[in-house]
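Throughout, read-outs are computed from the coordinates displayed, never taken from laboratory work. Note that the structure is predicted; figures quoted are calculated from it, not measured. Heads up, the Cβs are rebuilt from the backbone with ideal geometry, glycines too, and the neighbour counts pull from every protein chain shown.
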Amino acid sequence: MEEKSGVYRYLLTFLLFLALPCNAAAQSAKPLSYWLGSGYDVPEVRTEVFTIAPEIKLGIDCSDNIPIDAPPGKNTAEMTIVMTPEMTIRSRGPAHFLGIDIGFNSDILTTRSAEPDINSHVSLNGRMALPGQSFLTGRIRIRSMHEGNGGTESLRLGIGTVLPLNLDGSVKLWGGHMDREREDLNDISRLWCGLSVDWKATTLTCFQVRAETSVEETAMAGSPGIGTFDARARVDHQVLENLLAGVNVQYKNNDYKGIDITDQYLDFGPRLTYFWNRKISVEASHTYRQKDSNVEKRQYTENKFDLAINGKF
């Protein structure tokens, strides 16, 4: 109990730190130019009609968590090497655009599972300018997930809006319909919605907050999907011209549909991001995770260390 109360105390302190200077903060990582000036704009291949932005990320994840039910020979700390190539293609326009995102995430090497996890996605995106520097956004996203014990596919249809703040920031609202399909189980559908706020408090510091309820894919036996509530906050500060230091915290509740399992996660940790140049960046992070569950053997605490190299070409 002392360990748990200590984690909650750190979480409360961090949230109060966020709430005092601002009400909230954001949904996605900022482009390099947001922090470091136009000299660090993300590289793109530009034509008269389209811009194309390929990206690849290679990461190493190390965790000291050993599950109670780990199979023989797999009861050691986990290390995973993950590769994530992505490509974004969108029409060129100052206010309106249509675009497509294509990518996948795959384990190259893992010490835990005999078969790698592979996730792929295709998204169609659009944006239309509204009066008052606001935007209307739309998205169609298809995702496929394959894990060692099965696979699942999902479809997401959504619409949202981006509203400016009086300060240097924006508010994003979105919602829509989600479908999850598994060959061996009934499909699951539900509405989803979310809110995020971005705020660049100073020229060197940015706050981000996001909350979303949705359905996630799972390969868990007997469950067609996970009803998820996800809330997270992050602060980043530019320490040097090409170095960011940040702290992030996340709470997540997973309710497995069709079976009696509910998991709760609390993550907290710092990160450093070094921009070698406008194409290459390196990120190192540590995450402390506390997992609670109504199934006792699913509970654990974990220290996770990540090192990733990100390239944009």
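At-a-glance table
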quantity	calculated
Fraction of alpha-carbon pairs over 17 Å apart in the range 176-308 - percent	69 percent
Alpha carbon centroid spacing (whole Å) that separates the range 115-143 from the range 277-313	24 Å
Loop-resident sites, the range 154-216, for GluC sites (Glu not before Pro), counting at most 13 other Cβ within 10 Å (DSSP)	183
Built amide H within the under 5 Å cut-off of residue 190, gap 5+	178
Residues with amide H under 5 Å from that of residue 300, placed H, sequence gap 5 or more	291
